């Protein structure tokens, strides 16, 4: 299964492709690490962003896109542009998109920690949240707590 983890940050979309096959994780080569919406007030640019994202997912045969959920209000609330980008991604036809809460990500990572230092993955620092999102999604049911 190939999962693309997504972190929305202002007008940037940080991405990380992670695959799991036969109990082995891989970080396949991926031509993009970040996509940016350059003109936030242009519907033409938003459509271009959406088409670029859709093409990237199709080219790499991504099974699922997992977006890290952002709060709607409060100190760490997501901005309007981020919600625009999120909607653009969610509305891509034939793309399976899931929103995963930070609490669920944290819980999955607590139960299933990453066993290598992040620095050894070869990813950029700004991709760490996207990586953790993808990893947490792939592992969320793997070692879930058993009902008592």
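The values are calculated or read from the model by the stated rules, or taken from the named source; none is laboratory data. The model shown is predicted, which means the values in this text are computed figures rather than measured ones. All Cβ positions, glycine included, derive from the backbone under ideal geometry; neighbour counts span all protein chains shown.
Observations, loosely collected:
- The single condition among (1) over 24 Å from residue 104 (Cα atoms); (2) touching a helix residue (DSSP H, G or I) at 6+ places or on another chain (Cβ under 6 Å) that residue 20 does not satisfy is (1).
- Here residue 85 meets the list (1) part of a helix (DSSP H, G or I); (2) within 13 Å of residue 133 (Cβ to Cβ); (3) touching a residue at least 60 places away in the same chain (Cβ under 8 Å) almost entirely, failing just condition (2).
Quick grid of which residues meet (1) out of contact with any strand residue (DSSP E or B) (no Cβ under 7 Å at 6 or more places or on another chain); (2) loosely packed, with under 11 Cβ neighbours inside 10 Å:
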site: 60; (1), (2): no, no
site: 77; (1), (2): yes, no
site: 119; (1), (2): yes, yes
site: 128; (1), (2): yes, no
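- Check on residue 6, at pLDDT 95 or above, in a loop (DSSP other than H, G, I, E, B) and surrounded by 13 or more Cβ atoms within 10 Å (Cβ to Cβ): no
- Residue that is surrounded by the most Cβ atoms within 10 Å (Cβ to Cβ), among those in segment 95-112 that are closer than 12 Å to residue 137 by Cα and in contact with a strand residue (DSSP E or B) (Cβ under 7 Å, 6 or more places away or on another chain): 105
- Each residue in segment 9-25 was checked for being touching a strand residue (DSSP E or B) at 6+ places or on another chain (Cβ under 8 Å) and farther than 22 Å from residue 69 by Cβ, and 2 pass.
- Leading residue by the ranking (farthest from residue 104 (Cα to Cα)) among those in segment 82-92 that are crowded, with 17+ Cβ neighbours inside 10 Å and out of contact with any helix residue (DSSP H, G or I) (no Cβ under 8 Å at 6 or more places or on another chain): 82
- Filtered residue count, segment 96-122, keeping only those that are closer than 17 Å to residue 19 by Cβ and under 14 Å from the mean Cα position of the chain (by Cα): 2
- Conditions (1) within 29 Å of residue 140 (Cβ to Cβ); (2) out of contact with any helix residue (DSSP H, G or I) (no Cβ under 6 Å at 6 or more places or on another chain); (3) surrounded by 13 or more Cβ atoms within 10 Å (Cβ to Cβ); number of the one not met by residue 45: (1)
Residues are listed down the side, and each one gets a yes or a no for (1) at pLDDT 95 or above; (2) buried (at least 17 other Cβ atoms within 10 Å of the Cβ):
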residue	(1), (2)
15	yes, yes
25	no, no
37	no, yes
41	no, no
67	yes, yes
70	no, yes
